[in-house]
Structures are given as structure tokens and as C-alpha cells.
Amino acid sequence: MDEREIALLKAANVSDHVIEHSKAVSVKAVTVANQVKIPVNVELIRVGALLHDIGRGKTHGIDHAIVGAEMVRELGLGEDVAKIIERHIGAGLPKEEALTLGLPPCDYFPKTPEQKIVSYADNMTDGSKILDFAAALVRLKKILGDNHPAIVRFIAQHNEIMSWMET
């Protein structure tokens, strides 16, 4: 089922380590998608999660999301997949923060449930290991610092997705 996307990642020179990470993100994202009580496109989530780091075949910088989105646009995979890739970084980035990171001036917040689920699943994954929320939060704080704005965004993202699971 994932063969097409894995072949695209390999053709884009994405490393085996990143491919294993992408598979784990896809597993987590699809699991979340199947647990929420709101309508979501599970196939779009699966494809977007598998391809979210395709830009890492060209760069390992924060701009991998922008590069990857452009790559899938050139491959004709659709704007929905491109937007998942473009908006998966850091639980979303405001324009001001994007500028300080050298990205084109734009808000990179996941907007649709599909975009939010893939971004969340990426933050819940360390390499190919899927974490629980507490462990993912500790990991993110260790990487970014306790007071980084992405911490608040990640907590808000978690709370929103958990609210979708309530009956």
C-alpha cells in the first residue's frame, strides 16, 4: 500500500533513516485519523505523512518543508499533499518566526484536520519510535527549551486533536 510513496522517497534521495521515520509518522497519523470523531481523509493523511519529509532528500534544514512541498507539486501529487508537507514543521510557524528561520514570509500553520494530524504525528515521533504525549513534550522541550513558542503550539495541537476523539 505504501510502495508508491516509498519509491518516491527513494527516487528523491531520502535516506533510509528518514524513510523509517516517515513510515512511523504515517502509522501514528493513520491511527489518530481512525480515532477522531470528525470527518477526515485517511488516505490523504497516509500519503501526506509518508511524504512529509520528502524535501530531506535535498536539504535537512528547516526549509525541507518548503522544498518538499514544491517537489510534490512538480510531481503532480496535488495541493492538498503539498500543504501537509509545507505546514508540518514545528506545530506550525507564524510569519515572523518563519522569517527569522530564513523561510519565505508566510504563516505555516496547519489549517485542515489532515494537516494538523500529520504535524502532530511528526512531533509524536522520534526517529522511527512513536512516543506518548508526555515523552514527546519532554523531547520537544529538550530540543527547543521550555519557553519556546512551539511548546505552547504543540500543547494546543494535542488538546485540539484530543477534543476530536471525545464522544
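The values are calculated or read from the model by the stated rules, or taken from the named source; none is laboratory data. Please read all numbers here as calculations on a predicted model, not as lab measurements. Methodologically, a virtual Cβ is constructed for each residue, glycine included, from the backbone with ideal geometry; neighbour enumeration extends over all protein chains shown. Calculation scope for accessible area: heavy atoms of the full protein, side chains included, ligands and nucleic acids excluded. Shrake-Rupley method; radii C 1.70, N 1.55, O 1.52, S 1.80 Å.
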message: Please compute the modelled spin-label separation between Asp132 and Thr112, points set 7 Å along Cα→Cβ, answer in nm with one decimal.
response: 3.2
query: Under the rule of -39500 (n - 2.57) per DSSP H run of 4 or more residues, summed and divided by the residues of the chain, what mean residue ellipticity at 222 nm is obtained, to the nearest 500 deg cm²/dmol?
result: -19000 deg cm²/dmol
- prompt: Given 0.36 nm per residue, what is the gain on full extension from Glu96 to Asp80 after removing their alpha carbon distance, in nm?
  reply: 3.3 nm
task: Averaging sequence separations of C-alpha pairs under 8 Å and six or more residues apart, then dividing by the length of the chain, give the relative contact order as a whole percent.
output: 25
field: Residue-count net charge about Ala135 - beta-carbon cut-off 12 Å; Lys, Arg +1, Asp, Glu -1
entry: +2
- request: Express the carbon and sulfur contribution to the solvent-accessible surface of the chain as a percent, rounded to the nearest whole number, probe 1.4 angstrom.
  value: 55
message: Test of understanding: what is the full-extension gain from Lys58 to Glu43, defined as 0.36 nm times their sequence separation minus their Cα-Cα distance?
response: 2.8 nm
Sparse-neighbour loop sites [trypsin sites (Lys or Arg not before Pro); segment 87-167; at most 16 other C-beta within 10 Å; DSSP]: Lys111
- prompt: Could you give me the ³J(HN,Hα) list for segment 58-64, computed from phi with Karplus coefficients 6.51, -1.76, 1.60 and θ = phi - 60°, whole Hz, x at Gly and Pro?
  reply: 10, 7, 9, x, 4, 6, 4
task: Pick out, in residue order, every one of the trypsin sites (Lys or Arg not before Pro) in segment 1-52 that is DSSP loop and has at most 13 other C-beta atoms within 10 Å; say none if there are none.
output: Lys37
field: Restricting segment 94-167 to GluC sites (Glu not before Pro) in coil, as DSSP defines it, with at most 11 other Cβ within 10 Å
entry: Glu166
message: Let me check against my output: what whole-number percent is the relative contact order of segment 102-167, with C-alpha pairs under 8 Å and at least 6 apart?
response: 25
- request: Grab the Cα-Cα distance for Leu144 and Ala156, subtract it from 0.36 nm times how many residues apart they are, and report the gain in nm with one decimal.
  value: 2.7 nm
